[in-house]
Amino acid sequence: MSITQEKIEQFREFAMERLATDATSLNMVDLAAEWEFEHESQEHQQHDVAAVNASLRDMDAGQTGRPMSEFLAEFRQRNQSQTEQ
């Protein structure tokens, strides 16, 4: 998706409104994430909702996934080996 002058102006207006109402707890990352969430396509939102619902069904069925420590160890090993190459 290309960024247009109009989209930049819309984001600027959004950011200024948010800063006027809650300037103390906002940062650029939060503003961008909130903007993206509010402006993502309905199809993308439906996909996200379906993924969350599927995860909740899995949890209700007793599936707990994998321990975070296991995931992090594998993730770190995989990414460390990529940076060493």
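Structural remarks
- Phi to ³J(HN,Hα) by Karplus 6.51 cos²θ - 1.76 cosθ + 1.60 over segment 58-71, Hz, x for Gly, Pro: 4, 5, 4, 7, x, 7, 9, x, 10, x, 4, 4, 5, 4
- Calculated [222 nm] ellipticity per residue, helices only, for the chain: -26000 deg cm²/dmol; basis is -39500 (n - 2.57) per DSSP H run with n ≥ 4, divided by all residues, nearest 500.
- Gyration tensor verdict on segment 10-58 (Cα atoms; rounded if a/c is under 1.5, prolate if a/b is larger than b/c, oblate otherwise): prolate
- Extreme residue, positive dipole direction of the chain, given options Val52, Trp35, Asn79 (C-beta unit charges): Asn79
- Basic side chains Lys and Arg get +1 at the Cβ, acidic Asp and Glu get -1 at the Cβ, and with that the dipole of the chain about its Cα centre reaches some 380 debye.
Throughout, read-outs are computed from the coordinates displayed, never taken from laboratory work. Being a predicted model, the structure only gives us computed values, none of them experimental. Positions of Cβ are generated from backbone atoms using ideal geometry, with glycine treated the same way; all protein chains shown enter the neighbour counts.
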